[in-house]
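The values are calculated or read from the model by the stated rules, or taken from the named source; none is laboratory data. As the structure is a prediction and not an experimental result, all values here were calculated from the model. Cβ: placed from backbone, ideal geometry, glycine included. Neighbour counts: every protein chain shown. For accessibility, only protein heavy atoms count, side chains too; no ligands or nucleic acids. Shrake-Rupley method; radii C 1.70, N 1.55, O 1.52, S 1.80 Å.
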Amino acid sequence: MGNCGSGTTKEVQRSRVLLLGAGGAGKSTLFKQVKLITSLSGFDQGLRNDSIVPIYQNMIDACQKLVKICLKNELELPPDVMSAADRIRSLNIQSPQDTESVQALKVAANTIWNNGEIKKAFKLSIIETSSKDAMNANDDYFLGQIDTVCDPAYSPSDNDLLMMRRSTSGAHSLDFAFDPIQFKMPGKLSYWTLTDVGGQIHERATWYEEFNDLDGLIFVLSLPDFDQTSQDNRSANKLVEDGVNLMLQVMRADNLQGVPVCVLLNKKDLFIRKIAANPTVGIKEVFPEYEGKTNSHGESIQFIQNFIDQEISKETNVSKTFYVTTATDTEIVKNILGKVVENITNQNLQHAGLI
Ligand SMILES: Nc1nc2c(ncn2[C@@H]2O[C@H](COP(=O)(O)OP(=O)(O)OP(=O)(O)O)[C@@H](O)[C@H]2O)c(=O)[nH]1
Ligand SMILES: [Mg+2]
């Protein structure tokens, strides 16, 4: 493995950390947060402009899924909603300058989202267990501001960029300086490179190219996946298949032996919402051996963490630390970032016999 301080250039010694996890777990959201927290300039206008069409697409996908959930659950939709659904399906918006299509999206999305049966479908989607039919993480966030997003003068806010969904392709790196003063922590300025990769199945073959000279690995899991079926193997549980099994597969790589692993149990906010939507059952249907309160998200998360810890410890003795996060919340990520940097630094110093 690399070591904190082995560095990639003579001038600046950098520690290399890789973000891994299944598609949609929250890697890029964390990556964007680290940029936002550590850079003076924040997100540039180019990123904001490039994100408008994907945000439209997020809304289009959300509307289509909601209509599908209505049909699946025999929630009857009036003709105006059905024709809005047809209209949305026919849209192919390539640019915010395609104002005619953007206005059509605005009208159709409002017709769909303001319908009472659609709102019922959204509530049902919170406890939907098939990942194929589940909504994306923040669909209601964008549907809650259709007029703003479809305004010709729209420029996505920082929060919009954190809430949007766009799958990553390939590897992307960010250099940043960690200044302990900013994080109210002891220690000295250190330099880091964080790499984000795509987590969808077809992206994973290239992960291994990033494994050499790593100083730390951050593995991201999505807590609300606990009751989802895996998209690729419907008889498997998503948290086990895309979380535990994927992590074990990665941790067996020869060049990762001795590299500290931080496991981020992400989307705490959505996990809390899911437990609140079904408080008498909670995680018990998936984990019958759970003996805590079904409506307690704290106890439920602790149980899931112990479960993952035990499953991994059965197969490998990798050194790992767990953190519970909400990647869309900048304050939470700032707090976790400080702890992760400190943890990786200390573990590598220990490994090198320096503390
Ligand atoms: N509400 C909420 N949404 C989250 C959280 N973390 C990520 N998301 C959302 O989940 C969606 C997927 O997040 P990404 O960061 O793009 O996931 P990824 O792991 O990079 O996915 P790939 O690039 O496909 O591998 C986005 O819409 C994010 O805004 C969270 O903690 N809470
Ligand atoms: Mg990504």
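A crude spin-label estimate for the pair Ser157 and Asp213, with each label 7 Å from Cα along the Cβ direction, gives 4.2 nm.
Which residues in the stretch 186-203 have a backbone N closer than 19 Å to a point placed 7 Å from the Cα of Leu40 along the Cα-to-Cβ line? 189-192, by backbone N distance to the label point. Remark: for residue pairs Lys184/Lys320; Lys132/Lys314; Lys27/Lys267; Lys72/Lys119; Lys72/Lys123; Lys32/Lys68, the C-alpha separation exceeds 22 Å in Lys184/Lys320; Lys132/Lys314; Lys32/Lys68. Working note: Cα atoms of the stretch 70-162, range along each principal axis, descending, whole Å: 38, 31, 21.
Pairs of alpha carbons in the chain separated by more than 38 Å make up 21% of all such pairs.
If only the Cβ of Lys and Arg carry +1 and only the Cβ of Asp and Glu carry -1, the dipole of the chain around its Cα centre is close to 360 debye. Heavy-atom accessible area, probed at 1.4 angstrom with all protein chains present, ranks Arg204, Arg87, Arg273 as Arg87, Arg273, Arg204, highest first. Ignoring aspartates and glutamates fewer than eight residues from Lys120 along the same chain, the ones with Cα atoms less than 12 angstrom from its Cα are Glu74, Glu76. The figure for Val102 is an accessible area of roughly 10 square angstrom, using a 1.4 Å probe on the protein chains alone. Based only on Cα atoms, what Rg/Rh ratio does the stretch 134-249 have, Rh being taken as Kirkwood's radius? Ratio of gyration radius to Kirkwood radius: 1.03.
Quick one: if the Förster radius is 51 Å, what FRET efficiency do Ile126 and Leu349 give, using the C-beta to C-beta distance and rounding to 0.05?
E between Ile126 and Leu349, to the nearest 0.05, is 0.70.
The relative contact order of the chain, computed from alpha carbon pairs under 8 Å that lie at least 6 residues apart in sequence, is 24 percent. When both bridge partners sit in the chain, DSSP labels roughly 30% of those beta bridges antiparallel. Once the 1.4 Å probe is applied to the protein heavy atoms, the stretch 45-163 comes out at 47 Å² accessible per residue. Protein heavy-atom surface of the chain, 1.4 angstrom probe: 49% of the accessible area is carbon and sulfur, with nucleic acids and ligands not counted. Would you mind finding the longest exposed-site-free stretch of the chain, with exposed GluC sites (Glu not before Pro) meaning DSSP loop and at most 16 other Cβ atoms within 10 Å? Value returned for the longest uninterrupted segment is 77-284. DSSP assigns beta bridges within the stretch 170-316; of those with both partners inside it, close to 60 percent run antiparallel.
Each Cα pair under 8 Å and six or more residues apart adds its sequence gap; the mean of these over the residue count of the stretch 16-151 is a relative contact order of 28 percent. Each residue, Thr316 and Glu299, gets one label point 7 Å from its Cα in the Cβ direction; the gap between the two is 3.2 nm. How far is the Cα center of the stretch 97-111 from the Cα center of the stretch 36-96, in Å? One Cα centre to the other: 11 Å.
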